[in-house]
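Here the structure comes first, spelled out in structure tokens, and everything after it is commentary.
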Amino acid sequence: MSDREGPGESAEAAHQIEDIEIRLLLEAIYQRYHYDFRNYAKASLRRRLRQARDRLGARSFSALQEVVLHDQVAAAKLMRFLTVQVSDLFRDPSYFKSLREQVLPRLHTYPSLKVWVAGCSTGEELYSLAILFREEGLEERTIFYATDINLQALDAASQGIYAVDRMAAFSENYRLSGGKGSLSDYYTAGYGGAVFDNSLRDRVVFSDHSLVTDAVFSETQLVSCRNVMIYFDQTLQDRAVGLFRQSLTRGGFLGLGAKESLRFSCHVDAFVAFDQTEKIYQRRST
Ligand SMILES: C[S@@+](CC[C@H](N)C(=O)[O-])C[C@H]1O[C@@H](n2cnc3c(N)ncnc32)[C@H](O)[C@@H]1O
């Protein structure tokens, strides 16, 4: 530390160095593996990278970069820190209730439907929608696209096996969402967990797709992208919403997470707030 540097300034310098190292690490991940985290929201990214650095035993982010560049196993482990996989069946039941009561009746007019579950994680949101569409008589005419960048999560989604001790909470969510039967109608015990019915996956295409780097996905009537854009900065959120806008047919619906909105999006004028409380938007028809 120089004579002129106070303790505050050196902490600031350390922070600046950390910023440089993080930028270089994210660039390295992008160059080497084509996963692009460069425009993820800074504060939570920094927190998760610090956890990863400590858990992977690296002294600094530069050291972590060295490891990740040369070791694909370490890179895969880092991915797990960088993509948050928290999810529940019928998470925020009032969202699914609004879809059931307000949105699905409007989808009945379409002879065929495409639904995109973007950032589907381990599949909880997808199964919630598949059950909802079945109960409302729309499943037969629907194809679901379930996409994520985390391949392990996609694999788990395609298996549809969840810990038995999560079922009580899932069942309560299902009930609160206006579920017409019992959640247990949709799964059996097996493989040490609750195995969701194969038939719920019959009309699902699972796909590796990044909202940051990939192109628009099909022509859809409903996009459900919940709790993904909270991890993005404004530029990235605009990119993702731009994809949804392009993907949705006119009059199609976009459902976001409870803490997400289109308020600051450059695409806000392309949508009307269909259910403001549940963060469900409808693409304008003009
Ligand atoms: C917190 S989970 C949300 C799961 C589910 N949608 C829900 O609301 O319960 C966030 C998911 O976004 C995925 N994700 C992160 N960045 C992504 C990207 N660029 N493109 C697609 N999915 C992404 C993560 O892998 C993770 O599965």
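The values are calculated or read from the model by the stated rules, or taken from the named source; none is laboratory data. Bear in mind that the values here come from a model prediction, so they are computed numbers and not experimental data. Positions of Cβ are generated from backbone atoms using ideal geometry, with glycine treated the same way; all protein chains shown enter the neighbour counts. With ligands, DNA and RNA removed, areas are computed over all heavy atoms of the protein, side chains included. Shrake-Rupley method; radii C 1.70, N 1.55, O 1.52, S 1.80 Å.
Highest mean first, the peptides 267-277, 127-137, 182-192 sorted by other C-beta atoms within 10 Å per residue fall in the order 127-137, 267-277, 182-192.
The alpha carbon radius of gyration of the chain, expressed as a multiple of 2.2 N^0.38 Å, is 1.11. P(r) tail for the range 64-189, what percent of Cα pairs lie past 22 Å? Roughly 43 percent, once rounded to a whole number.
Descending by average beta-carbon neighbour count within 10 Å, the peptides 238-244, 81-87 line up as 238-244, 81-87, the highest first. For the range 12-76, applying the loop criterion from DSSP together with a ceiling of 15 other beta carbons within 10 Å to the trypsin sites (Lys or Arg not before Pro) yields Arg59.
Evaluated with a Cβ-only charge set (Lys, Arg +1; Asp, Glu -1), the range 40-185 carries a dipole of roughly 700 debye about its Cα centre, given to the nearest 20. Local charge for Leu262 was computed over the other residues whose Cβ lies under 14 Å away, with Lys and Arg +1 and Asp and Glu -1, and equals +3.
Any chance you could give the angle, 0 to 90 degrees and rounded to 10, that helix 124-135 forms with the longest Cα principal axis of the chain? It works out to around 10 degrees. Against the chain, whose longest principal axis is taken from its Cα atoms, helix 7-33 shows a tilt of about 60°.
Among the protein heavy atoms of the chain, carbon and sulfur supply 49% of the accessible surface, probe 1.4 Å, non-protein parts ignored. If you take the Cα centroid of the range 69-126 and the Cα centroid of the range 239-286, the two points sit 16 Å apart. Taken about its Cα centre, the range 1-93 carries a charge dipole of roughly 400 debye when the Cβ of each Lys and Arg holds +1 and the Cβ of each Asp and Glu holds -1. Binning the C-alpha pair distances of the range 134-245 at 5 Å intervals from 0 yields a P(r) profile of 2, 9, 16, 19, 20, 16, 12, 5, 1 %, listed from the shortest bin outward.
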